[in-house]
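Have a look at the structure below before the remarks.
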Amino acid sequence: MSERRPIESWLTDMDGVLVHEGHPIPGAAEFLRRLAASGKRYLVLTNNSIYTRRDLSARLHALGLPVAEEAIWTSALATARFLADQRPDGSAYVIGEAGLTTALHEAGYVLTDLNPDYVVLGETRTYSFSSITRAIRLIERGARFIATNPDPIGPSTEGSLPATGAVAAMITRATGVEPYFVGKPNPLMMRTALNRVGGHSESTVMIGDRMDTDVRAGVEAGLETILVLSGVTRKDEVERFPFRPSHVVSSIADVVDMVAAASGPGTASAGPEGSGGS
């Protein structure tokens, strides 16, 4: 690898990196404490569109992981920002939960099933056949198709659940229309995250547990990347991909000393900077 600038900001995925099946991953709390002590800017970056960032902050705090809501950026927020830029004060038919509907409301969008500008698909634990059918018919009538992220499955304590990517494939099969995915690995989400954290690609690290989303997103955005093996991607799968992470480690516990080594005098204060609404 070519020599990179000293690390000044960190982006990290949540599920599979900091938490797994509702429990904190060993080393996650120490990692966050080291970030705070080092003064490095950071952002928890997740494709999960179910929860608002306030909800996620509360859930992380309950697990002993102190992350302020301002230090969280979700695919729902990135989707709302993208739509507000593309078509201000537009309308959307939404399949999703509070994280997505709240973000779109705060972006000035009207949520409706009457000739919406967009069909926006996010995650929910209760996908219904009737809502999917309605989305298909609206897309057939000309609504543009947006999805928060391409993840085909999501984690739960009982095992895998169908997620946005899987349901999007069903709708595409029925309509012939491909969605525009806003979340990782889309570089668009990475750029909005870098803007929020006030970071530069040459001095920012992306930590994730998936080669197909987290690492790919980091590579395409020009970031240093760290793959942790505590989530989706297994060690024997890494070589199957045409791109490689900068580092492969067992878990976030192995990243703690990297933060310590990167800290020093004159670093910025912890937490994200820059403007950016919900």
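The values are calculated or read from the model by the stated rules, or taken from the named source; none is laboratory data. Computed from a predicted structure; not experimentally measured. Every residue, glycine among them, receives a Cβ derived from its backbone with ideal geometry; neighbour counts consider all protein chains shown. Note: accessible area is taken over every heavy atom of the protein model, side chains too, but ligands, DNA and RNA are not part of it. Shrake-Rupley method; radii C 1.70, N 1.55, O 1.52, S 1.80 Å.
The residue that is nearest to Q86 (Cα to Cα), among those in region 183-203 that are surrounded by fewer than 16 Cβ atoms within 10 Å (Cβ to Cβ) and among the charged types (D, E, K, R), is R191.
Among residues of region 200-211 that are touching a residue at least 12 places away in the same chain (Cβ under 8 Å), those with a Cβ under 6 angstrom from a residue that is in a helix (DSSP H, G or I) and surrounded by 22 or more Cβ atoms within 10 Å (Cβ to Cβ), sequence gap 6+ or separate chain, pair up as M206/G218; G208/D214; G208/V215. Within this structure, R4 passes the test of being under 21 Å from M211 (Cβ atoms), open to solvent by 10 Å² or more (accessible area, probe 1.4 Å) and in contact with a strand residue (DSSP E or B) (Cβ under 8 Å, 6 or more places away or on another chain). Can you find a residue that is modelled with pLDDT of 95 or more, among the small types (G, A, S) and farther than 19 Å from G183 by Cα anywhere in region 64-71? Within region 64-71, one or more residues are modelled with pLDDT of 95 or more, among the small types (G, A, S) and farther than 19 Å from G183 by Cα.
Here T112 meets each of (1) out of contact with any helix residue (DSSP H, G or I) (no Cβ under 8 Å at 6 or more places or on another chain); (2) farther than 26 Å from P162 by Cβ; (3) open to solvent by 10 Å² or more (accessible area, probe 1.4 Å) with one exception, condition (2).
Do you know which residues across region 112-132 are among the hydroxyl-bearing types (S, T, Y) and without any contact (Cβ under 8 Å) to a residue 12 or more places away in the chain? Show your work before the answer.
Residues of region 112-132 among the hydroxyl-bearing types (S, T, Y): 112, 118, 124, 126-128, 130-131.
Residues satisfying the conditions are T126, S128, S130.
Of all residues in region 204-242, those satisfying the criterion of being of a type in the set (S, T, N, Q) and either over 12 Å from W10 (Cβ atoms) or open to solvent by 10 Å² or more (accessible area, probe 1.4 Å) (or both) are T213, S230, T233.
Residue-wise test of (1) more than 17 Å from T192 (Cα to Cα); (2) of a type in the set (V, I, T); (3) touching a residue at least 60 places away in the same chain (Cβ under 8 Å).
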{"site": "V44", "(1), (2), (3)": "no, yes, no"}
{"site": "H61", "(1), (2), (3)": "yes, no, no"}
{"site": "V67", "(1), (2), (3)": "yes, yes, no"}
{"site": "A71", "(1), (2), (3)": "no, no, yes"}
{"site": "A80", "(1), (2), (3)": "no, no, yes"}
{"site": "L83", "(1), (2), (3)": "no, no, yes"}
{"site": "L104", "(1), (2), (3)": "no, no, no"}
{"site": "V110", "(1), (2), (3)": "yes, yes, no"}
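Selection over region 165-193 of residues that are assigned to a helix (DSSP H, G or I) and in contact (Cβ under 8 Å) with a residue 60 or more places away in the chain gives a count of 6. Restricting attention to region 9-29 and to residues that are on the phi > 0 side of the Ramachandran plot and not charged (D, E, K, R), the residue that is surrounded by the fewest Cβ atoms within 10 Å (Cβ to Cβ) turns out to be G22.
Which residue out of R191, R196, R234, R210 is of a type in the set (D, E, K, R), touching an Asp or Glu at 6+ places or on another chain (Cβ under 8 Å) and farther than 16 Å from P152 by Cβ?
Numbers: R191 fails: touching an Asp or Glu at 6+ places or on another chain (Cβ under 8 Å); R234 fails: touching an Asp or Glu at 6+ places or on another chain (Cβ under 8 Å); R210 fails: farther than 16 Å from P152 by Cβ.
Being of a type in the set (D, E, K, R), touching an Asp or Glu at 6+ places or on another chain (Cβ under 8 Å) and farther than 16 Å from P152 by Cβ holds for just one of R191, R196, R234, R210, which is R196.
When I139 is tested against (1) touching a helix residue (DSSP H, G or I) at 6+ places or on another chain (Cβ under 7 Å); (2) at positive phi, only condition (2) is not met. What number of residues within region 125-182 satisfy the criterion of being surrounded by 12 or more Cβ atoms within 10 Å (Cβ to Cβ) and more than 21 Å from D214 (Cα to Cα)? Result for region 125-182: 21.
Collect the residues in region 69-98 that are touching a Pro at 6+ places or on another chain (Cβ under 7 Å) and either open to solvent by 30 Å² or more (accessible area, probe 1.4 Å) or not in a helix (DSSP H, G or I) (or both), keeping them in residue-number order. Quick ask: steps written out before the conclusion?
Restricting attention to region 69-98, the residues satisfying the condition of being touching a Pro at 6+ places or on another chain (Cβ under 7 Å) are 70-71, 91-93.
E70, S91, A92, Y93 - these are the residues of region 69-98 that are touching a Pro at 6+ places or on another chain (Cβ under 7 Å) and either open to solvent by 30 Å² or more (accessible area, probe 1.4 Å) or not in a helix (DSSP H, G or I) (or both).
Every listed requirement among (1) closer than 29 Å to Y127 by Cα; (2) more than 12 Å from the chain's Cα centre (by Cα); (3) open to solvent by less than 50 Å² (accessible area, probe 1.4 Å); (4) at pLDDT below 95 is met by R41 save one, (1).
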